[in-house]
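Shown next, in C-alpha cells, is the structure this report addresses.
The values are calculated or read from the model by the stated rules, or taken from the named source; none is laboratory data. Keep in mind the model is a prediction, meaning the values are calculated, not measured. Here the Cβ positions follow ideal geometry from the backbone for every residue, glycine too, while neighbour counts run over all protein chains shown.
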Amino acid sequence: MNFKNSKPIFIQIADQVCNRVLSGEYIADERIPSIRDLAIELEVNLNTINRSYERLQQEGIIYNKRGIGYFISPEALRKIKSIKHSQFLEEVLPSVFKEMILLDLGMDDLVKAFDQYCQENK
C-alpha cells in the first residue's frame, strides 16, 4: 500500500478496509485479517492497525468476537456509503465546483463528462 502524507496512516488503512467492503471483497459477518496479519501485509506497526480497527469499531463497521477476531458488521455497507456520501458532498464537490467556476464550466459539461465516464466504465 502506498501511503500519502496528507492523511494519517491509520485512517488510510481504515479507508482501505471500507473500500474493500464497498467493492464486495469483504462482506457482512466475514472475518477480516487479524491485527498482526494486516500489520505484516502492510508493513506497519501493530499499534497503527489497532488504531484503524478501533476507529472502524467506533463507526460500527467492524465488530470483535473475543478470541476469534474482527468481522464486518451487517450494517457496514450502509454505514460506509452514508459516511462516504457525506464526505463527498462536503469535501469533494466544493472543490469541483470551485474548479468549474474558475474554468467556466457549466452543469451541462459536468453531466456530459459523467455520462461519458459511465459509458467507458461499464
* To do: Test VAL44 against the stated conditions and say whether it is over 22 Å from LYS79 (Cα atoms) and either within 10 Å of the chain's Cα centre (by Cα) or part of a loop (DSSP other than H, G, I, E, B) (or both).
  => yes
* Asked: Right, GLU99: acidic (Asp, Glu), assigned to a helix (DSSP H, G or I) and closer than 22 Å to GLU25 by Cβ or not?
  -> no
* Asked: Which one of these does ASN45 not meet: (1) farther than 24 Å from PRO8 by Cα; (2) of a type outside the set (Phe, Trp, Tyr); (3) surrounded by 10 or more Cβ atoms within 10 Å (Cβ to Cβ)?
  -> (1)
* **Residue check, TYR53 hydroxyl-bearing (Ser, Thr, Tyr), in contact with a helix residue (DSSP H, G or I) (Cβ under 8 Å, 6 or more places away or on another chain) and in a helix (DSSP H, G or I)** => yes
* Residue satisfying condition, being outside any loop (DSSP other than H, G, I, E, B), charged (D, E, K, R) and modelled with pLDDT of 95 or more, within set GLU25, GLU90 -> GLU90
* Structure fact -> Of the conditions (1) at pLDDT 95 or above; (2) surrounded by 12 or more Cβ atoms within 10 Å (Cβ to Cβ); (3) of a type outside the set (Asp, Glu), the single one that ARG36 does not satisfy is (2)
* Asked: If we keep just the residues of segment 48-79 that are farther than 14 Å from ILE13 by Cα and among the aliphatic types (A, V, I, L, M), which is surrounded by the most Cβ atoms within 10 Å (Cβ to Cβ)?
  -> ALA76
